[in-house]
Every structure is written in structure tokens, then in C-alpha cells.
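Read the structure below first, then the notes.
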Amino acid sequence: MEPKITVSHIVLLNITDQYTRQRYQYPEQTIITGILVGNRKENEIEIVTSFDVTPELDGPDLKGLNSEIINNKMALYVQIHPNTNIIGWYRSGPRREYDKVDVLIQEETFMKEQLIESPLLLIYAPDVRPAPGKTPFELFSYNSDKSHLLPVSFKVEGDESERIALDTLTKEPASLEKSAVTDNLQVFLQATACLRERLELLVNFLKANGEILRTRPSLAREIKELIQSYPREPSNARKEALVDDLLDTATLSLLSHVLASHRRISDVYNTVTEIATQNSR
């Protein structure tokens, strides 16, 4: 029986944001890879978050993933998300189809190294126009005897703001009107300012409870990573330039990054608060 799979909007937003940033930084390199994280209970699978992993390449082609790097990153990740496990992995590609390299990575990196018994594979094909109401993602799972991968359906979950962001990000670029994006630029900048306020609240809280960071170095590293990844708010001159000459994908990437960072900060803040409460007892 096909498993019931749900994928958080934040996972798909993270992937599209990662791809967009890499495309602008390294135009010649279009492959991104990462790990899907969540929970598996009998016939139900929930993918709640993800993190990127640098791929091993053979020229422009995907060669493999390093299981040691995945293990090390996951060990740090469970410090913040203790009730999660590796569910599978994702990559980008020109088609929503898996190939022999994907199968090799499934077997050698995940199954042989015992990262997970039956990993899912999520492929992101940004250049393939999805059917109406669909996304440019295809999810694959092993059949019952694990002889080959089969496409499986999944439900996308998230709040209204994340749904709107994902719908916009997955539209065909030619269908995006510049005015529709520029009209919402101020909303994006306000969201960034709100994110800064959350960061300042977190920093002030930690200043008053410094012993938490001394006893949890992995938490300190996670917070440092969050602050370093924070999208800077443009200056007034830059705001005017953005309105005059705006790249749709860059602005939409900013929105998805703000949403993703906001969710991660909330998770960290809740963890820190819980630890502080336990220490005060």
C-alpha cells in the first residue's frame, strides 16, 4: 500500500531558495542536493524540514553524496529537532525522473551506510512546466521488494503565506508580471524587519541566560548559523533600485528565505525557552 506522505511548504521553499541562490552565485552549476528530515510512523511519513549538503560532482554531473558529512550535520540538527530522522534526500535536475546515479546514491550512501532503510527521493525540476495545480517536484519511493523506485503522491502542508509564496515561486517565469512583484516588495521588506525583531529578542534572551550556550555548544553554532544567514535589509537607495529594476526570482527568493529563517528561529527560540524553563525548576 502506498504510504501517506505529507511535505511541509517550508521544505519546498528551502529547496527553491537554495537553487535560486546557487544559480545566481554559480551559473554553471545547477545541481543542488540535500537531506529530507521528518518522522515515519507505520504507513505515514511526514517531511517537516530539510538541510542542504554539498554534492560530489563529476564535472557538471552528480556523482554522489558523502555519508560522513550527512551524519555529522544530522547529529547537530537533532540537537534542535530531537524527534526527527532522515527520511530521504533531494536533488535538482532537468527532468522529474530518476537515473542510475540516483539509485547508486540510494543504495551506497543511505542503505549500505545504514542512514535509512528505505530513503525517499525528491527531484526538483525547475525547467519543467508543471501541470495546473501541481509543483515542479516529483517524489519517489521504493516498491515493496525494493527492486525499483516508483513515483508517489504527497500532500503539501503549510500556512497561507507559505502556500502563496510557493505558488508564486513555481509559476513559469514568463507568467510573472513585474508589477505583481514590485507591488509586494514593501511587504517583503516588512517581513525582513519583523525577522530582525525576532533575532534581537532571541539575542537578548540568550544574553540573560548565557549558561544555556555554555552547556549547549551545538545550540550556539545553530544560532550563529541563523544570524549569518539572515537576509540584510536593503538601504533606501537599494530599495529604490529594486523597485526600478527588479528581478522576480531574486525577490521571491528573499521572501522564501525570510519565511524559512522565521520558522527556524521560532524552533530555536522554543527550544531555548524550554531549556531555560527546565533549568529554573
Taking segment 115-124 as the search range and keeping residues that are open to solvent by less than 60 Å² (accessible area, probe 1.4 Å) and assigned to a loop (DSSP other than H, G, I, E, B), which one is farthest from residue 4 (Cα to Cα)? 115
Looking only at segment 60-76, which residues are open to solvent by 80 Å² or more (accessible area, probe 1.4 Å) and in contact (Cβ under 8 Å) with a residue 40 or more places away in the chain? 61
Among 91, 96, which is the only one that is in contact with an Asp or Glu (Cβ under 8 Å, 6 or more places away or on another chain) and under 19 Å from residue 8 (Cβ atoms)? 91
Segment 86-104, subset among the aliphatic types (A, V, I, L, M) and within 20 Å of the chain's Cα centre (by Cα), residue least open to solvent (accessible area, probe 1.4 Å): 87
Across segment 1-59, what is the number of residues that are surrounded by fewer than 16 Cβ atoms within 10 Å (Cβ to Cβ), acidic (Asp, Glu) and farther than 29 Å from residue 143 by Cβ? 1
Taking strands (runs of 3 or more DSSP E) that fall entirely within segment 7-73, which contain at least 1 residues that are in contact with a helix residue (DSSP H, G or I) (Cβ under 9 Å, 6 or more places away or on another chain) and under 14 Å from residue 121 (Cα atoms)? 33-41, 44-52, 61-64
For residue 137, state whether it is surrounded by 14 or more Cβ atoms within 10 Å (Cβ to Cβ) and modelled with pLDDT of 75 or more. yes
For residue 79, only one of the following conditions fails: (1) part of a loop (DSSP other than H, G, I, E, B); (2) open to solvent by 50 Å² or more (accessible area, probe 1.4 Å); (3) touching a Leu at 6+ places or on another chain (Cβ under 8 Å). What is its number? (1)
Would you point out which residue out of 59, 64 is modelled with pLDDT of 90 or more and not hydrophobic (A, V, I, L, M, F, W, C)? 64
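Yes or no, residue by residue, for (1) modelled with pLDDT of 90 or more; (2) crowded, with 16+ Cβ neighbours inside 10 Å; (3) in contact with a Phe, Trp or Tyr (Cβ under 8 Å, 6 or more places away or on another chain):
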site: 113; (1), (2), (3): no, no, no
site: 126; (1), (2), (3): no, yes, yes
site: 132; (1), (2), (3): no, no, no
site: 151; (1), (2), (3): yes, no, yes
site: 155; (1), (2), (3): yes, no, no
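The values are calculated or read from the model by the stated rules, or taken from the named source; none is laboratory data. All values derive from a computational prediction rather than experimental measurement. Don't worry about glycine lacking a Cβ; one is built from the backbone with ideal geometry, like all the others, and counts go over all protein chains shown. With ligands, DNA and RNA removed, areas are computed over all heavy atoms of the protein, side chains included. Shrake-Rupley method; radii C 1.70, N 1.55, O 1.52, S 1.80 Å.
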